[in-house]
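Structure first, commentary second.
The values are calculated or read from the model by the stated rules, or taken from the named source; none is laboratory data. Computed from a prediction, not measured in an experiment: that's the story for all the values here. When we count neighbours, we look across all protein chains shown, and the Cβ atoms used for this are built from the backbone with ideal geometry, even at glycine.
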Amino acid sequence: MTALTHDFPFDPTYGYTLDTLLAVPGPGGAPDDFDAFWRGRYEAARAVETRPELGPLVEERDGVRIFEVSYASVGGVRLGGWLALPVEGRAEHGFVIGHGYGGRDQAGPDVPLPLPRSAAILPCVRGMVERGLVDGVPSVSAEHVLHGIESRETYVIGECVADLWCAASALLELVPELGESVASGEGLGYLGESFGGGLGALALPWDERFAAGELTVPTFGNHPLRLTLDCIGSGAAVRAYRETHPEVVDVLRYFDAATAATRITKPVLVAAALFDPSVPPPGQFAVHNSLAGGGELTVLEAGHFDFPGKDAALAELAAAKGEFFGRVLK
C-alpha cells in the first residue's frame with residue numbers, strides 16, 4: 001500500500017499491516033446472557049405491527065422506481081426511508097440497506113442495487129436525518145452514539161438494530177412475493193456501511209429472514225481495543241465518555257459487532273480498510289476475523305477518506321457485492 005498523505009494527528013493505519021490486521025481477534029468473553037439479550041430484542045421487534053405506508057414516487061433509474069416509505073418500529077416510533085421496486089416484473093430478491101452515521105437524505109449511491117430484478121428498503125434508523133428524526137434522540141453522531149448508553153436496555157444502538165428488523169418486516173409486507181421467497185428458503189440480503197455495517201453485524205445472527213450480508217468498513221468491532229485508538233468518528237465520543245464513566249465497558253460488551261460476528265454462520269462479505277481515520281481498521285478486521293461462517297473479505301485501501309483511485313475502488317467493490325449476492329442468494 002502506498003502511504004496516503006493526511007494531516008491527522010494520529011496514524012489512521014494504527015501501525016497495522018494486512019497480515020497483522022488479519023490476526024486481530026474479537027474481544028472474547030461475551031456476557032453469559034448475550035444471546036438471550038439479543039433474541040429478546042429480536043422477538044420484541046418481530047411483534048411490532050409495522051404498518052408500512054408507501055409514499056410518492058421520487059424517481060426512476062437503474063431499473064427501479066424509488067418511493068418514499070414509512071413504517072413503525074419498537075417503542076411506538078414511526079420512521080421513514082425509501083423503497084426501490086423493479087420497473088418491470090416481480091422482485092426476485094430483496095435487500096435491507098443500512099446507512100452510515102449522518103443518515104441519508106435520498107436513495108443516492110445505494111442504487112443501483114446489487115442484483116437486477118430486486119426490491120429494497122432503505123430505512124433511516126431513529127435519530128438519523130432526514131427521515132428518521134425522533135423527538136428526544138440526538139441527530140448528531142457524537143451525541144447519538146451516547147444516547148441511553150447508561151444501560152443495555154436503554155442504549156439507542158439496540159433500538160437502531162430493531163429498526164432494521166422492523167424495516168425487513170415492512171419490506172416483506174410491501175412486497176409480498178419476497179415473503180413467499182423467504183418462506184421457501186430464499187432469504188433477504190443485508191448491506192450496510194460504517195454505522196450500518198456495525199448495526200448489520202449485530203442484527204444478522206438472530207434474524208433467519210436474512211440469508212446473507214455485506215458489511216463495508218463496519219464499526220463497533222472489538223470495543224476494548226477500539227477504546228484505546230484515537231479517531232475522528234463516533235468512537236471518539238465513546239472513548240471520551242469512558243474516561244469519566246468506566247462502567248460503560250460493561251454495557252458495550254452487549255453491542256460489540258465482533259462478538260455478534262461469532263454468532264453469524266450465514267455468508268457475509270466484509271469490505272475492510274487498511275487506512276481509516278473514522279473507524280479504526282483493527283475493529284473492522286475484528287468483525288471479519290470473528291465470523292463463525294468464515295466470511296469473505298475485500299480489502300480497501302482506505303475508508304472515510306478521499307484518495308487517488310477511490311472511484312475505481314468503489315466500482316470494484318460494487319462489482320464484488322453483485323458477484324457475492326448473485327452467488328449466495330439462491
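On the stretch given as region 273-284, residues that are within 15 Å of the chain's Cα centre (by Cα) and not in a loop (DSSP other than H, G, I, E, B) total 2.
Does residue 221 satisfy the condition of being among the small types (Gly, Ala, Ser), within 14 Å of residue 164 (Cβ to Cβ) and either under 9 Å from the mean Cα position of the chain (by Cα) or crowded, with 24+ Cβ neighbours inside 10 Å (or both)? Here the answer is no, as residue 221 does not meet what is asked. With respect to being closer than 21 Å to residue 16 by Cα, free of Cβ contacts under 8 Å to residues at least 60 places away in the same chain, of a type outside the set (S, T, N, Q) and crowded, with 16+ Cβ neighbours inside 10 Å, residue 300 falls outside the description.
Per the listing 136, 108, the residue uniquely closer than 18 Å to residue 59 by Cα and loosely packed, with under 15 Cβ neighbours inside 10 Å is 108. Scanning region 98-114 for residues that are in contact with a Lys or Arg (Cβ under 9 Å, 6 or more places away or on another chain) and at pLDDT 95 or above returns 110, 111, 112, 114. When 228, 216 are checked against the criterion of being surrounded by fewer than 22 Cβ atoms within 10 Å (Cβ to Cβ), among the polar types (S, T, N, Q) and touching a helix residue (DSSP H, G or I) at 6+ places or on another chain (Cβ under 9 Å), 228 stands alone in meeting it. From the list 59, 53, 68, the one residue that fits, being of a type in the set (D, E, K, R) and within 12 Å of residue 111 (Cβ to Cβ), is 59.
Return yes or no: is residue 270 touching a residue at least 24 places away in the same chain (Cβ under 8 Å), in contact with a strand residue (DSSP E or B) (Cβ under 6 Å, 6 or more places away or on another chain) and either among the hydrophobic types (A, V, I, L, M, F, W, C) or part of a helix (DSSP H, G or I) (or both)? In short, yes. Being part of a helix (DSSP H, G or I), farther than 14 Å from residue 189 by Cβ and over 17 Å from the mean Cα position of the chain (by Cα) is the filter here; which residues of region 300-326 pass it? Selection gives 310, 311, 312, 313, 314, 315, 316, 319. Scanning region 70-124 for residues that are of a type in the set (Asp, Glu) and free of Cβ contacts under 8 Å to residues at least 40 places away in the same chain returns 88, 105.
The set of residues in region 26-71 that are assigned to a loop (DSSP other than H, G, I, E, B) and surrounded by 13 or more Cβ atoms within 10 Å (Cβ to Cβ) comprises 26, 27, 30, 31, 48, 50, 52, 62, 63.
Against the test of being more than 25 Å from residue 253 (Cα to Cα), surrounded by fewer than 22 Cβ atoms within 10 Å (Cβ to Cβ) and of a type in the set (A, V, I, L, M, F, W, C), the options 142, 183 yield a single qualifying residue, 183.
Pairing each residue of region 50-69 that is over 12 Å from residue 120 (Cα atoms) and of a type in the set (Ser, Thr, Tyr) with any residue that is at pLDDT 95 or above and assigned to a strand (DSSP E or B), provided the two are 6+ apart or on different chains, yields C-beta distances under 6 Å for 50/71; 50/72.
Just one of the numbered conditions (1) within 30 Å of residue 5 (Cβ to Cβ); (2) free of Cβ contacts under 8 Å to residues at least 40 places away in the same chain; (3) among the small types (Gly, Ala, Ser) is not true of residue 292: (1).
Only residues that are touching a strand residue (DSSP E or B) at 6+ places or on another chain (Cβ under 9 Å) and closer than 25 Å to residue 243 by Cβ were counted in region 200-220, giving 1.
Taken over region 1-27, the criterion of being in contact (Cβ under 8 Å) with a residue 12 or more places away in the chain and under 12 Å from residue 280 (Cβ atoms) is satisfied by 8, 10, 12, 13, 14, 16, 21, 24.
If I ask for residues that are outside any strand (DSSP E or B) and over 19 Å from the mean Cα position of the chain (by Cα), which ones from region 72-120 would you list? Within region 72-120, 75, 76, 77, 87, 88, 89, 90, 91, 92, 116, 117 meet the criteria.
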